[in-house]
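The values are calculated or read from the model by the stated rules, or taken from the named source; none is laboratory data. Note that the structure is a prediction, hence the values are computed from the model and not measured. When we count neighbours, we look across all protein chains shown, and the Cβ atoms used for this are built from the backbone with ideal geometry, even at glycine.
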């Protein structure tokens, strides 16, 4: 019996997801991979991160253009699923916005993190003469 849980996210871009995972201290792998779970069960993913439990991984795969997080959370008691996904979503949004704005000619002028964890970015558009 599989214990894998698939959680749909709002993440659609590969690059900000990989950067966000690194921000959280993970070393993401990309490719045609599998994540491991209960009793050696495996399921296919496109991005995998190892955890402290050698027999359990966290993975991501695209379904209908959106990444879903795949893991057997029963074997990952040291990772709070909600906290992990909330922190990952915040870092993803940060990097996705920054990448898109830089593509449009903006540069980061300043960045502040509020006491509640919200990030305030000030960007400026560089003139192109």
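Of all residues in region 112-121, how many are in a strand (DSSP E or B) and loosely packed, with under 10 Cβ neighbours inside 10 Å?
Adding up the residues that qualify gives 3.
Hey, residue 88 hits all of (1) in a helix (DSSP H, G or I); (2) within 11 Å of residue 12 (Cα to Cα) but one; which does it fall short on?
Against the list (1) in a helix (DSSP H, G or I); (2) within 11 Å of residue 12 (Cα to Cα), residue 88 comes up short only on (2).
Out of curiosity, is residue 28 out of contact with any strand residue (DSSP E or B) (no Cβ under 9 Å at 6 or more places or on another chain), modelled with pLDDT of 95 or more and surrounded by 15 or more Cβ atoms within 10 Å (Cβ to Cβ)?
Taking the combined requirement at face value, the residue does not satisfy it.
Any idea which of (1) more than 25 Å from residue 100 (Cα to Cα); (2) within 15 Å of the chain's Cα centre (by Cα) is the one residue 41 doesn't satisfy?
All conditions are met except number (2).
I'd like to check something: does region 96-111 contain any residue that is at positive phi, touching a strand residue (DSSP E or B) at 6+ places or on another chain (Cβ under 7 Å) and surrounded by 12 or more Cβ atoms within 10 Å (Cβ to Cβ)?
Checked region 96-111: at least one residue is at positive phi, touching a strand residue (DSSP E or B) at 6+ places or on another chain (Cβ under 7 Å) and surrounded by 12 or more Cβ atoms within 10 Å (Cβ to Cβ).
Answer with yes or no whether residue 65 is surrounded by 10 or more Cβ atoms within 10 Å (Cβ to Cβ) and at positive phi.
Working: surrounded by 10 or more Cβ atoms within 10 Å (Cβ to Cβ): no; at positive phi: yes.
Taking the combined requirement at face value, the residue does not satisfy it.
Going by the structure shown, is residue 81 modelled with pLDDT of 90 or more, under 22 Å from residue 3 (Cβ atoms) and either surrounded by 15 or more Cβ atoms within 10 Å (Cβ to Cβ) or in contact with a helix residue (DSSP H, G or I) (Cβ under 9 Å, 6 or more places away or on another chain) (or both)?
On the way: modelled with pLDDT of 90 or more: yes; under 22 Å from residue 3 (Cβ atoms): yes; either surrounded by 15 or more Cβ atoms within 10 Å (Cβ to Cβ) or in contact with a helix residue (DSSP H, G or I) (Cβ under 9 Å, 6 or more places away or on another chain) (or both): yes.
It is true that residue 81 is modelled with pLDDT of 90 or more, under 22 Å from residue 3 (Cβ atoms) and either surrounded by 15 or more Cβ atoms within 10 Å (Cβ to Cβ) or in contact with a helix residue (DSSP H, G or I) (Cβ under 9 Å, 6 or more places away or on another chain) (or both).
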